[in-house]
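The values are calculated or read from the model by the stated rules, or taken from the named source; none is laboratory data. Computed from a predicted model, the values in this text were never measured in an experiment. Cβ placement follows ideal geometry from the backbone for every residue including glycine, while neighbour counts extend to all protein chains displayed. When the accessible area is computed, the model is the full protein with side chains, heavy atoms only, and any ligands, DNA or RNA have been set aside. Shrake-Rupley method; radii C 1.70, N 1.55, O 1.52, S 1.80 Å.
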Amino acid sequence: MSTSQAPAPDLPSLLETCSGYFDLAPWAVTEVSGESHVVRYANAAFCQLIDRSRDAVIGRPLDSFLPPFDACLTHLDRVFRTGVAASYTADEQTTPCPLLYSYSLWPVTADGRTAGVIIQVNETGPIHETRQAISQALLLGALRQDELIRAADLANARLQSEIRERMQRETDARLLANEIAHRVKNNLQIVVALISNEIRRTPAPCVHGYRAMQDRILAIAQLYDLISDTGRDRTVVLADYLKEISKSLSSSLLGGASGIRIVVEAEAMEIDAARAVPFGLLVNELTTNAVKHAFPDGNGLVTLSLRRLGDEVELMVTDDGIGMTIRDTDRLSEKHGSDYVTIFVRQLHGTLVRTGAPGVGTSHRIVFPLAPESGTDPRL
């Protein structure tokens, strides 16, 4: 091979005309021209193979990038001289550590003569080394995958254990809350029974006060009854609560032959158990007042209605009784029960509007937030 760097023929590079395809090719490709095999084109894969930038490769002889006595130079000379394509695979016994292990050579002709040679690198290392590298990579990948599977199994086992423990804690908490609610209900019922025993020995003028106290305690007992029966330790279904209060008041205030009825019309909604106590006491107080004062002839209807207004709850206790005069309203404000109503409405953080007139009945409208206000105590 001649070592002189003759200028490359003034011909466009064959590969440059379709460089958009070869630039992104996964195999290394280069094109050299002239007897000195000056590089006219090199794609990205070839530049990476010889560890040079494209600017450092173009215009320089290929032998400046190859090890001494590399067989590729001999084959280049032969293809350039004969114009016959050739392929070559290095022999490790005779060519140790070749840069281009396996490649193909194609002549580029112009005006009937060879102007250059295209080189496509097929393998950059011995086949057994390539296979060994692939095998090692697969083995390492399998080991890593096994480690990941073991880690995932361990994490999943820990997660399942934490889930079981949390579910058990929640179950235990619910059982404990239900047991407490059940015991509170039983204790309240004992108090109600003691009051009933006391009523039998109390003079008639004091019976009314004892019965009012008894009804209030029963309203609280019904709340804990709902909590223990339904397993709810956070919220109370208001429709069910109203029905229980209605049954209790009908049983304690109305006889079987009474012409007074208590009906419930309630939409489905829930509130927290803490505010359910003043809610139940409020309903008990207003319903008791209606039953005792609105129907002197012993006939009438008391309606307990509940509906949702956006983020608020509207409670209506309405009767179709004799109604109230302005004087009745003034007297009501002086009564002890009215003080209780005001307290319960305030504990619900609600507002109360009382309407009515003689002969058309009385209506109490209470509006309060569905969700408890942040930082508030329902006992205040």
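Look at the range 291-321 and say how many of its residues are in contact with a Phe, Trp or Tyr (Cβ under 8 Å, 6 or more places away or on another chain) and either among the β-branched types (V, I, T) or in a strand (DSSP E or B) (or both).
Result for the range 291-321: 4.
Checking the conditions here, which among A274, A268 is surrounded by fewer than 18 Cβ atoms within 10 Å (Cβ to Cβ) and without any contact (Cβ under 8 Å) to a residue 40 or more places away in the chain?
Of A274, A268, the one residue that is surrounded by fewer than 18 Cβ atoms within 10 Å (Cβ to Cβ) and without any contact (Cβ under 8 Å) to a residue 40 or more places away in the chain is A268.
If we only count strands (runs of 3 or more DSSP E) wholly inside the range 1-96, which ones have 2 or more residues that are touching a strand residue (DSSP E or B) at 6+ places or on another chain (Cβ under 9 Å) and modelled with pLDDT of 90 or more?
Of the strands (runs of 3 or more DSSP E) lying wholly inside the range 1-96, those with at least 2 residues that are touching a strand residue (DSSP E or B) at 6+ places or on another chain (Cβ under 9 Å) and modelled with pLDDT of 90 or more span 29-33, 38-42.
Got a number for residues in the range 48-78 being among the hydrophobic types (A, V, I, L, M, F, W, C) and open to solvent by 10 Å² or more (accessible area, probe 1.4 Å)?
Within the range 48-78, residues that are among the hydrophobic types (A, V, I, L, M, F, W, C) and open to solvent by 10 Å² or more (accessible area, probe 1.4 Å) number 9.
Looking at this structure, is T114 modelled with pLDDT under 80, open to solvent by less than 80 Å² (accessible area, probe 1.4 Å), in contact with a helix residue (DSSP H, G or I) (Cβ under 7 Å, 6 or more places away or on another chain) and more than 20 Å from A45 (Cα to Cα)?
no
Pull up the range 333-359, narrow it to residues that are out of contact with any strand residue (DSSP E or B) (no Cβ under 8 Å at 6 or more places or on another chain) and hydrophobic (A, V, I, L, M, F, W, C), then point me to the one that is modelled with the lowest pLDDT.
Result: A357.
Counting residues that are out of contact with any Asp or Glu (no Cβ under 7 Å at 6 or more places or on another chain) and at pLDDT 90 or above, which strands (runs of 3 or more DSSP E) fully inside the range 218-290 reach at least 1?
It comes to 259-266, 270-272.
What are the residues in the range 117-132 that are at pLDDT 60 or above and of a type in the set (A, V, I, L, M), if any?
V117, I118, I119, V121
Looking only at the range 294-316, count how many residues are within 21 Å of D272 (Cα to Cα) and either in contact with a Cys (Cβ under 7 Å, 6 or more places away or on another chain) or open to solvent by less than 10 Å² (accessible area, probe 1.4 Å) (or both).
Selection size over the range 294-316: 4.
In the range 277-293, how many are β-branched (V, I, T) and open to solvent by 20 Å² or more (accessible area, probe 1.4 Å)?
1
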